[in-house]
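Here's the structure we're looking at; comments come further down.
The values are calculated or read from the model by the stated rules, or taken from the named source; none is laboratory data. Keep in mind it's a predicted model, so treat the numbers as computed, not measured. Neighbour counts are summed over all protein chains in view; Cβ atoms, including those assigned to glycine, are modelled from backbone coordinates with ideal geometry. Accessible surface areas use protein heavy atoms only, side chains included; no ligands, DNA or RNA. Shrake-Rupley method; radii C 1.70, N 1.55, O 1.52, S 1.80 Å.
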Amino acid sequence: MAHAPAGLLLLLFLPLLSAWHVHAQSLKCHLICQCVNHTASCCDPGKTISNKVTYLDLDQCGQSSVNLSSLHNFTLLEVLVIQRSSLAYLEAQAFGTFPVLKTLTLADVGLGNATMHQSAFKGLQVRQLGLMKNQLWRISRWTFRQMTLLEILDLADNRITFIEEGAFTSLSSLRVLNLDGNRLITVTPLWFSLTFVNSSGPRVNLSNNELTCDCQPKGISQPEYGWFRKSLANISCAQNSSLEECSPAEVDRVYQDIVVIEKVPLTLPCVVRGFPAPKISWILPNGAPVGSPEFLPISSKNGTLIIELVQLRFAGLYACLASNVAGTSVALYSLQVLAGPTTRPTITTTTTTTRSSSVTSTTAKPSVPPSFGIIMGMSLVFASLIFGLLLYGLLRRGCKLLKQRFSHEVPFNMFVNTPNILTLPENPRPIPQMDDDGFAPAEQRPGEGGVTPIPQTYQHYQSELPPPPEPVMTGPASWTRI
């Protein structure tokens with residue numbers, strides 16, 4: 001009986017102990033964000049989340065961006081849901097750190113093509129991917145590549161207007177594709193891999209889009225895509241084989257360079273093709289459509305841009321956008337405006353064709369201003385004068401050489417080799433003729449002609465003079481001693 005009160009007290013305190021244990025567990029879960037078993041939900045950066053969770057739901061995080069790098073150690077995570085939050089940017093392979101992740105949902109997080117790397121989901125081996133209620137407008141063939149295990153892809157309630165052919169070719173295991181609530185105008189079975197040809201294929205939901213019946217979807221008439229036609233049972237025009245197949249808008253010339261003189265009219269045609277007939281719109285160099293006050297007067301008519309009077313400030317890059325239900329194409333015109341007289345330009349075009357498009361280079365031939373002609377004339381005159389002087393000098397030199405070569409005058413030094421001759425001192429009087437006795441002739445002797453006799457010094461000087469040299473004959477001519 002002594003033990004009865006103790007047992008009674010134990011029975012009374014058991015509920016209290018159990019309640020305290022539950023409170024302690026909830027307190028512990030509150031410290032690591034709300035959690036139930038292996039599920040957690042938290043958006044408070046001041047709290048931590050246990051890395052043992054397998055299900056993580058980040059809901060209503062407001063405008064704060066979710067830092068995905070902080071989740072890199074969640075190796076056991078199988079389901080990740082981020083919704084009603086804001087993602088600043090998704091880097092390439094942003095979810096590659098979750099080895100066992102099976103479901104990824106990014107709903108209403110402001111995700112767009114500009115805030116997502118084209119390889120953000122590359123190689124992600126999840127079975128279900130949800131990107132609902134975002135701002136995606138284009139799906140390229142790189143968006144979901146190498147996701148071979150993906151079975152369910154939910155792209156509902158976005159702004160998707162264009163999906164490239166082959167965008168879903170990597171999704172060989174795809175069973176459900178939800179495109180509900182987008183802005184698609186046309187569809188095509190060429191989105192998918194050849195794996196689905198002659199098979200059941202995925203179930204495609206295209207409700208609440210803007211599909212048109214102006215043309216038959218591209219490729220839908222091919223017998224191997226019967227499974228895709230069954231997915232479009234609610235689209236009557238998809239079964240109408242009398243309609244022409246849709247073809248995307250294409251421009252004949254992707255790029256053109258145009259040079260014109262100011263103060264002349266100019267028209268820029270934009271030649272396009274496609275079915276249905278593409279709609280054409282022009283974008284001016286300031287990024288505004290036709291009608292911008294900065295670029296008046298410029299207008300467009302039947303796809304042709306009309307500039308009534310070209311001005312220098314009109315120079316820049318003009319874009320012609322052609323679009324229809326099957327696609328969009330752009331042609332660019334680079335306009336250069338030169339100052340000059342009012343003359344209508346002549347535009348010549350040179351086209352280079354590639355496999356994907358034709359690239360055209362257009363050059364204008366403006367009229368030559370008068371000042372340019374004067375400068376060219378003066379340059380030609382000056383060049384002719386210099387050429388004439390050079391030609392005169394060459395002819396004169398040639399004539400001189402020819403004259404020397406064919407002249408009959410023989411220079412004296414060709415025949416006579418004159419040795420050195422002793423120079424005699426200057427004589428104040430001419431030396432008279434002497435006889436054998438050393439006296440002058442009788443008519444020059446003193447008293448006999450009034451001539452003074454020659455001094456003996458002259459006789460001695462004359463006797464010491466060397467004889468004049470003998471001339472050396474080098475030719476047939478004969479010479480006489482002087």
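Listed conditions (1) modelled with pLDDT of 90 or more; (2) not in a helix (DSSP H, G or I) are all met by LEU190, apart from (2).
Of the residues TRP142, TRP137, the single one that is within 31 Å of the chain's Cα centre (by Cα), modelled with pLDDT of 90 or more, open to solvent by 50 Å² or more (accessible area, probe 1.4 Å) and more than 22 Å from SER85 (Cα to Cα) is TRP142.
When the residues of region 258-279 are filtered to those that are open to solvent by less than 60 Å² (accessible area, probe 1.4 Å) and under 26 Å from the mean Cα position of the chain (by Cα), the one that is farthest from ILE163 (Cα to Cα) is VAL260. Just one residue in the set GLY181, GLY219, GLY201 is surrounded by 15 or more Cβ atoms within 10 Å (Cβ to Cβ), touching a Leu at 6+ places or on another chain (Cβ under 6 Å) and in a loop (DSSP other than H, G, I, E, B); that residue is GLY219.
Of all residues in region 159-188, how many are of a type in the set (Phe, Trp, Tyr) and within 17 Å of TRP227 (Cα to Cα)?
Here is the first cut: in region 159-188, the residues of a type in the set (Phe, Trp, Tyr) are 162, 168.
If we keep only those that are within 17 Å of TRP227 (Cα to Cα) as well, we get 168.
Qualifying residue count, region 159-188: 1.
Filtering region 206-233 to residues that are touching a strand residue (DSSP E or B) at 6+ places or on another chain (Cβ under 6 Å) and within 20 Å of SER172 (Cβ to Cβ) leaves only SER231. Considering only region 95-124, state which residues are closer than 18 Å to ASN73 by Cα, at pLDDT below 90 and open to solvent by 20 Å² or more (accessible area, probe 1.4 Å). Within region 95-124, GLY96, THR97, PRO99 meet the criteria.
How about region 238-350: which strands (runs of 3 or more DSSP E) wholly inside it have at least 3 residues that are under 26 Å from TRP137 (Cα atoms) and at pLDDT 90 or above? Spell out the reasoning first.
Details: elements: 247-251, 255-261, 266-269, 272-275, 279-283, 298-301, 304-307, 316-324, 327-338.
It comes to 247-251, 272-275, 279-283, 316-324, 327-338.
Residues that are touching a helix residue (DSSP H, G or I) at 6+ places or on another chain (Cβ under 7 Å) and part of a loop (DSSP other than H, G, I, E, B) occur in region 89-107; there is at least one. Considering LEU179, LEU129, the condition of being more than 25 Å from GLN222 (Cα to Cα), more than 34 Å from the chain's Cα centre (by Cα) and free of Cβ contacts under 8 Å to residues at least 60 places away in the same chain is satisfied by LEU129 alone. So which residues in region 109-131 are part of a loop (DSSP other than H, G, I, E, B), among the small types (Gly, Ala, Ser) and on the phi < 0 side of the Ramachandran plot, if there are any at all? Across region 109-131, the qualifying residues are SER119, ALA120.
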